[in-house]
Amino acid sequence: MPNEFKINNFDLLRIFAATQVLIGHGIYHLGLDWPVWWAPLGLLPGVPIFFVISGFLISAAWERSETWQNYVEARMLRIFPALWCCVALTVLVFGAMGVDFTRWQTLPWLAAQAVGLIYTPGFLREFGMGSYNGSLWTIPLELQFYCVLPLVYWAMTKTRRDLRTLVFVMLMFLAIALLTRLMFPGFGLHHEGGSEPLLEKLLRYSFLPHFYLFLLGVLLQRLQAYRWSAIRGKGIYWLAAYMAFNFLIPGTVWTYLPSMILLGISTIALAYTRPELAGRLLRHQDVSYGVYIYHGLLLNVFLEIGWRGEPVFVAMLCAATFVMAWLSWRLVERPCLTLKGRWSSRPSSVRRAGPVS
């Protein structure tokens with residue numbers, strides 16, 4: 001893998017995306033009014049940014065994996081150890097705050113969380129925000145992305161028209177995303193009092209209406225967009241175009257998807273604009289996953305204690321989240337990532353699709 005691909009700002013962008021989600025959830029659930037400065041920040045949603053980055057990097061990881069076992073092992077080591085620690089800490093903290101985990105529903109719930117089937121059991125519905133960790137809803141989506149990606153590559157190899165097949169598949173999922181938003185105009189927004197229709201909830205937890213963002217990342221990686229003169233070093237221009245699009249064009253169901261595609265291109269362009277910046281600032285300390293998974297736990301603790309309604313509590317939430325994320329990275333995530341390749345070494349019969357020039 002050439003250095004021009006590997007040297008990038010993805011770690012920095014992931015921390016930005018996780019922090020955007022953290023602050024947004026903090027303001028909303030702690031009952032604060034939306035400040036003026038949130039307007040531009042709210043136009044840079046963290047979850048779509050994560051999905052595009054994931055598609056870009058995971059597709060490259062699939063292509064360079066010597067075996068499909070290598071691919072599965074790497075994905076499991078990145079997702080599950082930190083998730084298991086987060087769930088275990090949730091049980092300890094919530095139990096110390098009075099939640100009874102001795103009931104029969106606890107074991108099937110823990111088993112489901114251990115494999116990434118995230119849901120909130122009935123006995124936790126009255127605790128905190130009513131969701132034991134609302135930020136974990138994307139974990140099942142990422143796992144679905146990881147499972148479906150090899151099928152996309154198989155289709156690309158089978159047809160022997162890699163790029164055309166990928167574009168066709170992406171357009172198909174764009175159509176699914178559009179249909180979903182036409183059916184549910186408030187798709188993905190907060191629903192008060194559990195008013196979200198069942199079909200909408202099932203779609204939200206399904207990869208179907210979200211996969212186009214992941215595939216956009218795959219497409220940009222396959223096209224080696226990081227080498228394009230229109231992308232490399234042009235992140236600020238793409239970001240300005242994206243912000244102008246959203247401020248000047250009224251937001252509708254029809255403008256949402258073009259907006260997200262423009263955001264995805266902006267994300268990749270920013271990753272390769274001054275690409276050495278993340279390495280200098282972060283020194284390869286990737287705390288983004290910890291920020292994302294632990295802030296929901298802390299939010300519930302804040303709400304149970306009664307810390308709400310004041311901006312200082314959002315600042316405290318951010319500080320506590322970053323401390324836990326750093327500990328997660330140093331004690332759990334980074335040590336586990338060093339285990340990659342220990343258990344998977346058999347040769348693969350999978351034919352990789354080569355890079356598109």
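Please treat every number below as a calculation from the coordinates, not as lab data. None of the values given here were measured: they were computed from a predicted structure. Heads up, the Cβs are rebuilt from the backbone with ideal geometry, glycines too, and the neighbour counts pull from every protein chain shown.
For n ≥ 4 DSSP H runs only, could you compute -39500 (n - 2.57) per run for the chain, divide by its residues and tell me the 222 nm figure to the nearest 500?
After summing the helix terms and dividing by residue count, I get -20500 deg cm²/dmol.
Suppose we look only past 18 Å in the calculated P(r) of region 79-163. What percent of the Cα-Cα pairs does that tail hold?
Of the Cα pairs, 51 percent sit more than 18 Å apart.
Going by C-beta contacts inside 10 Å, put 63, 276 in order with the fewest on the left. List each step's numbers first, then the result.
Values: 63 16, 276 10.
Placing the least packed residue first, the sequence is 276, 63.
Measuring from centroid to centroid over Cα atoms, what is the spacing of region 279-310 and region 13-44 in Å?
About 12 Å separates the Cα centre of region 279-310 from the one of region 13-44.
Can you tell me what the convex hull of the Cα atoms of the chain projects to on average, as an area in nm²? Provide the component values of the computation, followed by the final result.
On the way: hull surface 74.6 nm².
Average of the hull's projected areas for the chain equals 18.6 nm².
Around residue 57, with a cut-off of 13 angstrom between Cβ atoms, what is the net charge of the other residues, counting Lys and Arg +1 and Asp and Glu -1? Intermediate results must be reported in sequence, preceding the final value.
Working: positive: 6, 14, 64, 75, 78, 222; negative: 11, 63, 142, 286.
Net charge around residue 57: +2.
Cross-link candidates for residue 6: which lysines have Cα within less than 26 Å, leaving aside residues fewer than 8 places away along the same chain?
Partners found: 234, 340.
What is the Rg over Rh value, at two decimals, for region 248-332, using alpha-carbon atoms and the Kirkwood definition of Rh?
1.11
Please arrange 85, 336, 147 by how many other C-beta atoms lie within 10 Å of their C-beta, fewest to most.
The most exposed by this proxy come first: 147, 336, 85.
Would you mind ranking 34, 68 by Cβ crowding within 10 Å, fewest neighbours first?
34, 68
Note the angle between two axes, namely the Cα long axis of helix 46-64 and the longest principal axis of the Cα atoms of the chain, as a number of degrees from 0 to 90, rounded to the nearest 10.
Approximately 50 degrees, to the nearest ten.
Under 10 Å, Cα contacts only: if you run a Gaussian network model on the chain, which one of 218, 312, 152 comes out with the highest mean-square fluctuation?
It is 312.
Please pull out the direction-averaged projected area of region 129-260, using the convex hull of its alpha-carbon atoms, in nm² to one decimal place.
Taking a quarter of the hull surface, the average projection is 10.1 nm².
For residue 158, give me every one of the lysines with a C-alpha distance below 19 angstrom, ignoring sequence neighbours fewer than eight places off in its own chain.
Leaving aside lysines fewer than 8 places away in the same chain, none come within reach of residue 158.
With angles folded into 0 to 90 degrees, how steeply does helix 162-183 sit against the dominant principal axis of the chain? Use alpha carbons for both and round to 10.
Rounded to the nearest ten degrees, it is 30.
Roughly what angle does helix 138-159 make with the longest principal axis of the chain, taking Cα atoms, 0 to 90 degrees, to the nearest 10?
20 degrees
P(r) of region 43-125 in 5 Å steps, Cα pairs, percent per bin?
With 5 Å bins starting at 0, P(r) equals 3, 12, 17, 17, 15, 13, 11, 8, 4, 1.
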